[in-house]
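Asker: Below you will find the structure I want to go over with you.
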Amino acid sequence: MNKLYRELANCIRFLSIDAVQKANSGHPGMPMGMADVATVLFKDFLNFNPKNPSWINRDRFILSAGHGSMLLYSLLYLTGYKSVSLNDIKNFRQLDCVCAGHPEYHPNTGIETTTGPLGQGISNAVGFALAEEILKNKLGKKIINHKTYVLAGDGCLMEGISHESLSLAGHLKLKNLILLFDNNSISIDGPTNLAVSDDHEKRFRSYGWDFIKINGHNYKEISKALMRAQKSKKPVAISCKTTIGYGSPNKGGKASSHGSPLGEDEIKLVRKKLKWNYEAFKIPSKLFSEWRKIGEHASQKAKKHEQKYKKNFSNFKNLNSYKNQIEKVKNDYLKDLKPIATRKSSEIFLNIVSKMPNIIGGSADLAGSNNTKTKDHKIIKPGNFSGNYIHYGVREHAMCGVMNGIALHSNFIPYSGTFLIFSDYCKPSIRLAAMMKQKVIYVFTHDSIGLGEDGPTHQPIEQLTSLRSIPNLNVFRPADLIETFECWKLALESNNTPSVIALTRQGIEPVRKKNSSKNESSMGAYEILRTGDNISVTILATGSETSLAIDVSHKLATENIYSKVISMPCQELFDKQNKDYKNNILTETDLVVSLEASETSYWKKYTSKNGLNFGINDFGKSAPYKKIYDYFELNTESIVKSIKKKL
Ligand SMILES: Cc1ncc(C[n+]2csc(CCOP(=O)(O)OP(=O)(O)O)c2C)c(N)n1
């Protein structure tokens, strides 16, 4: 038995070595070290279907140590996924090749998520495992009951996000989550004891995980550990003691095998040592057909499940079912317009739509401040997944990585909240959601100096600019309840783009006083006020500053200076409009000014050099919020004065 497994594992080893060598870059060490574990997993445990990679009840295999991507590509090719051909493996790391340097998510390929930034895959895996439990609760365990495996190295486990994610997984008792720890004690700079001396077992156990220690090159031990993990009542970490670059006489066990080609001479020595007398990329037909049999056997097993799923999953309601309720709430609000914080408006919207069975809410210990939790929400608890709201704890980074996993798992739409300032703690995962085109929604409240007394540590300044600079991310900053509803709707309907919804803590004056059948925010920017026929100023504003812009505009009109106010809840959507639309908004007057209580650089593209940018290019202040607005001269009087001076 051992001989066959060893030879199957060597197929992974040599495909990885050869691909890295041909590309003249890449990471051979990890695939060489973890080939044995991966072989046992795919041959004897993993439920998957190379013929239908999207099979909903497949076990998920997440490569958190994304630099070892050749391990994944080798497995996909060998087991018969159409997504990866031998030619693709030969084109490892080349332009537009599916075998990218680090795994890049593509639907229906077997590449479940984009990894590379270490630790992210662990948080995704927690999201996958959580989504599995929630869906199982809805559809029954005959339809959904699968494992999530995540392969993580020393590096992943050093990252802060791993601590947050593992802790959450242990707390929630995600028993279908299995972490394969490539415990080779080597990272880039050398032995890991240069930088870390954690007791891994104590660490995992303290989180509420099971922990199994094995020799990662011993098939019996691998198999026994995986067997034990199947029945666990807790998430399980299998610590696999491995040798990085296993099989390389001079580089095995050393950092030199981590991230560069082994070199032709060393590869010859590996071939000799592992008795692999085949040329580069050549898999002997006997072993190739063994691997294909593994894939074939898995697809046969998967087939039976697929029909059941089709019958059961299509009954989730869509947003349209809530249209009448949404309209009613809007009309009630329009009857007696009162100042209201947009975070509260968001809660009112969520009161209606959070009943949608595929929406999963949450917050990083700020449920009451972010207004993300409604009266009807049911909390997801350890071992009980009948709810639809996750208390992520103070773990913003994990929260966003977990949401990526939830979104990738099936058709769940995760949203969650924290303060806008802490979007900085979320950014690496937001970036990946945008790259993977996932529908993930971030409710970021306390979106400016308007939060007041908590002061500059809590007042976002550069955060909107930073978020706007992420490609494929819509950053919404609505101006009142009507816009908040519109922006939420756009976020929920935006299938390939994640959304930030930035909301105020403080009550703000309504700016839209009539209902309209059109979603005005859908254009990203639209005219909300014009004070005369002959205008000389265009004022662009977002969120809480839109009502200030309206005040400014009226005040200017009293001095016979006429203007229009453009509410711009989403720059990204505006940028997508046609030239005429954009020109109508931006080129009607010589003077264009922007008004937003935030860093101003991103506005210059609309206002040009001659324009004015009212905002804040310094840290905020600790004081009641109206005082801070005055301090930064963000009030009607100062702005009118500056505009008049400019004209
Ligand atoms: C967040 C992040 N920081 C740094 C890196 C660069 N990097 C890639 S692999 C690696 C070391 C990983 O060590 P380990 O997990 O032990 O992998 P192994 O050496 O066993 O392949 C580093 C620092 C990265 N990919 N992501």
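Asker: Of all residues in the stretch 197-222, how many are open to solvent by less than 60 Å² (accessible area, probe 1.4 Å), more than 18 Å from G160 (Cα to Cα) and assigned to a helix (DSSP H, G or I)?
Answerer: Summing the residues that are open to solvent by less than 60 Å² (accessible area, probe 1.4 Å), more than 18 Å from G160 (Cα to Cα) and assigned to a helix (DSSP H, G or I) in the stretch 197-222 gives 2.
Asker: When you look at K142, is it assigned to a loop (DSSP other than H, G, I, E, B), of a type outside the set (A, V, I, L, M) and under 30 Å from N411 (Cα atoms), yes or no? Talk me through it step by step, then tell me what you get.
Answerer: Details: assigned to a loop (DSSP other than H, G, I, E, B): yes; of a type outside the set (A, V, I, L, M): yes; under 30 Å from N411 (Cα atoms): yes.
Judged against the criteria, K142 is a match.
Asker: When you go through (1) hydroxyl-bearing (S, T, Y); (2) open to solvent by less than 10 Å² (accessible area, probe 1.4 Å); (3) touching a residue at least 60 places away in the same chain (Cβ under 8 Å) one by one for Y442, which number turns out not to apply?
Answerer: Looking at each condition in turn, Y442 falls short on (3).
Asker: Quick check: anything in the stretch 553-566 touching a residue at least 60 places away in the same chain (Cβ under 8 Å) and over 15 Å from T636 (Cα atoms)?
Answerer: Taking every residue of the stretch 553-566 in turn, none turns out to be touching a residue at least 60 places away in the same chain (Cβ under 8 Å) and over 15 Å from T636 (Cα atoms).
Asker: Give all pairs with beta carbons closer than 8 Å in which a residue from the stretch 80-96 that is part of a loop (DSSP other than H, G, I, E, B) meets a residue that is charged (D, E, K, R); count only pairs at least 6 apart in sequence or on separate chains.
Answerer: As it stands, the answer is G80/K51; G80/R292; G80/E296; F92/K22, since those pairs meet every condition given.
Asker: Here is a follow-up. Could you list, in sequence order, all residues of the stretch 73-98 that are touching a Leu at 6+ places or on another chain (Cβ under 7 Å), more than 16 Å from the ligand (Cβ to nearest atom) and open to solvent by less than 10 Å² (accessible area, probe 1.4 Å)?
Answerer: V84, I89
Asker: State which residue is nearest to the ligand (Cβ to nearest atom) when the search covers only the stretch 105-119 and only residues that are open to solvent by less than 30 Å² (accessible area, probe 1.4 Å) and closer than 19 Å to I413 by Cα. Don't jump to the end; show me each part of the working.
Answerer: From the stretch 105-119, those open to solvent by less than 30 Å² (accessible area, probe 1.4 Å) are 109-116, 119; that's our starting set.
Right, trim to closer than 19 Å to I413 by Cα and you get 112-114.
Numbers: E112: 18, T113: 15, T114: 12 Å.
Among residues in the stretch 105-119 that are open to solvent by less than 30 Å² (accessible area, probe 1.4 Å) and closer than 19 Å to I413 by Cα, the one nearest to the ligand (Cβ to nearest atom) is T114.
Asker: Out of all the residues in the stretch 31-70, which are within 25 Å of the chain's Cα centre (by Cα), within 16 Å of the ligand (Cβ to nearest atom), under 21 Å from D88 (Cβ atoms) and crowded, with 24+ Cβ neighbours inside 10 Å?
Answerer: Result: I62, L63, A65, G66, G68, S69, M70.
Asker: Could you go through the stretch 291-300 and let me know if any residue there is within 16 Å of the ligand (Cβ to nearest atom), assigned to a helix (DSSP H, G or I) and open to solvent by less than 80 Å² (accessible area, probe 1.4 Å).
Answerer: Let us first name the residues in the stretch 291-300 that are within 16 Å of the ligand (Cβ to nearest atom), namely none.
No: zero hits.
Asker: I would also like to ask the following. Could you name every one of the strands (runs of 3 or more DSSP E) located completely within the stretch 413-488 that has at least 1 residues being of a type in the set (G, A, S)?
Answerer: Values: elements: 413-419, 441-445, 474-476.
The qualifying strands (runs of 3 or more DSSP E) are 413-419.
Asker: Of R431, R395, which residue is surrounded by fewer than 24 Cβ atoms within 10 Å (Cβ to Cβ), over 20 Å from G543 (Cα atoms) and within 16 Å of the ligand (Cβ to nearest atom)? Steps first, please.
Answerer: On the way: R395 fails: within 16 Å of the ligand (Cβ to nearest atom).
None of the others qualify; the one that does is R431.
Asker: Could I ask something else about it? Right, S516: part of a loop (DSSP other than H, G, I, E, B) and hydroxyl-bearing (S, T, Y) or not?
Answerer: Details: part of a loop (DSSP other than H, G, I, E, B): yes; hydroxyl-bearing (S, T, Y): yes.
Criteria met by S516.
Here is a yes/no grid of residues against (1) under 20 Å from H458 (Cα atoms); (2) within 34 Å of the chain's Cα centre (by Cα):
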| position | (1), (2) |
| --- | --- |
| N613 | no, yes |
| F619 | yes, yes |
| K627 | yes, no |
| L634 | yes, no |
| S638 | no, no |
| K641 | no, no |
| L647 | no, no |
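Asker: Out of curiosity, is I535 part of a strand (DSSP E or B) and either basic (K, R) or in contact (Cβ under 8 Å) with a residue 24 or more places away in the chain (or both)? I'd like the intermediate steps shown before the answer.
Answerer: Numbers: part of a strand (DSSP E or B): no; either basic (K, R) or in contact (Cβ under 8 Å) with a residue 24 or more places away in the chain (or both): yes.
Judged against the criteria, I535 is not a match.
Asker: Within the stretch 348-370, track down each residue that is within 23 Å of H397 (Cα to Cα), open to solvent by 10 Å² or more (accessible area, probe 1.4 Å) and in contact (Cβ under 8 Å) with a residue 24 or more places away in the chain.
Answerer: Scanning the stretch 348-370 gives N358, D365, L366, A367, S369.
Asker: Another question about this same structure. Which residue out of L226, L287, L262 is open to solvent by less than 20 Å² (accessible area, probe 1.4 Å), touching a residue at least 60 places away in the same chain (Cβ under 8 Å) and within 32 Å of the chain's Cα centre (by Cα)? Don't jump to the end; show me each part of the working.
Answerer: On the way: L287 fails: within 32 Å of the chain's Cα centre (by Cα); L262 fails: within 32 Å of the chain's Cα centre (by Cα).
Result of the check over L226, L287, L262: L226.
Asker: Tell me the residue from G140, G101, G155 that is open to solvent by 10 Å² or more (accessible area, probe 1.4 Å), over 23 Å from Q438 (Cα atoms), out of contact with any Asp or Glu (no Cβ under 9 Å at 6 or more places or on another chain) and within 16 Å of the ligand (Cβ to nearest atom), please. Please lay out each step first, then the result.
Answerer: Details: G140 fails: within 16 Å of the ligand (Cβ to nearest atom); G101 fails: over 23 Å from Q438 (Cα atoms).
Checking each option against the conditions leaves just G155.
Asker: Which condition from (1) open to solvent by 50 Å² or more (accessible area, probe 1.4 Å); (2) without any contact (Cβ under 8 Å) to a residue 24 or more places away in the chain; (3) touching a helix residue (DSSP H, G or I) at 6+ places or on another chain (Cβ under 9 Å); (4) closer than 28 Å to L490 by Cα is the one that N578 breaks?
Answerer: All conditions are met except number (3).
Asker: Considering S638, S622, which residue is surrounded by fewer than 19 Cβ atoms within 10 Å (Cβ to Cβ) and in contact with a Pro (Cβ under 8 Å, 6 or more places away or on another chain)? Steps first, please.
Answerer: Working: S638 fails: in contact with a Pro (Cβ under 8 Å, 6 or more places away or on another chain).
The match here is S622.
Asker: Among the residues of the stretch 167-192 satisfying the criterion of being more than 10 Å from the ligand (Cβ to nearest atom) and within 19 Å of L226 (Cβ to Cβ), which is surrounded by the fewest Cβ atoms within 10 Å (Cβ to Cβ)?
Answerer: K175
Asker: Could you list, in sequence order, all residues of the stretch 478-488 that are over 20 Å from the mean Cα position of the chain (by Cα) and closer than 16 Å to Y526 by Cβ?
Answerer: First pass over the stretch 478-488, keeping only residues over 20 Å from the mean Cα position of the chain (by Cα): 478-486.
P478, A479, D480, I482, E483, T484, F485, E486 - these are the residues of the stretch 478-488 that are over 20 Å from the mean Cα position of the chain (by Cα) and closer than 16 Å to Y526 by Cβ.
Asker: For the stretch 145-189, give me each residue that is in a strand (DSSP E or B) and among the polar types (S, T, N, Q).
Answerer: Restricting attention to the stretch 145-189, the residues satisfying the condition of being in a strand (DSSP E or B) are 148-153, 177-183, 186-187.
Selection gives T148, N183, S187.
Asker: Is there any pair linking a residue in the stretch 588-602 that is without any contact (Cβ under 8 Å) to a residue 24 or more places away in the chain to one that is surrounded by fewer than 21 Cβ atoms within 10 Å (Cβ to Cβ), with Cβ under 7 Å and at least six apart or on different chains, and which?
Answerer: T600/N613; T600/N617
Asker: How many residues does the stretch 229-250 hold that are within 18 Å of D154 (Cα to Cα) and either hydrophobic (A, V, I, L, M, F, W, C) or open to solvent by 50 Å² or more (accessible area, probe 1.4 Å) (or both)? I'd like the intermediate steps shown before the answer.
Answerer: Of all residues in the stretch 229-250, those within 18 Å of D154 (Cα to Cα) come to 236-246.
With the extra rule that they be either hydrophobic (A, V, I, L, M, F, W, C) or open to solvent by 50 Å² or more (accessible area, probe 1.4 Å) (or both), the set shrinks to 236-238, 240-241, 243-244, 246.
Qualifying residue count, the stretch 229-250: 8.
The values are calculated or read from the model by the stated rules, or taken from the named source; none is laboratory data. Everything quoted here is computed from the prediction, not taken from an experiment. In this analysis, Cβ positions are derived from the backbone assuming ideal geometry, glycine residues included, and neighbour counts consider all displayed protein chains. With ligands, DNA and RNA removed, areas are computed over all heavy atoms of the protein, side chains included. Shrake-Rupley method; radii C 1.70, N 1.55, O 1.52, S 1.80 Å.
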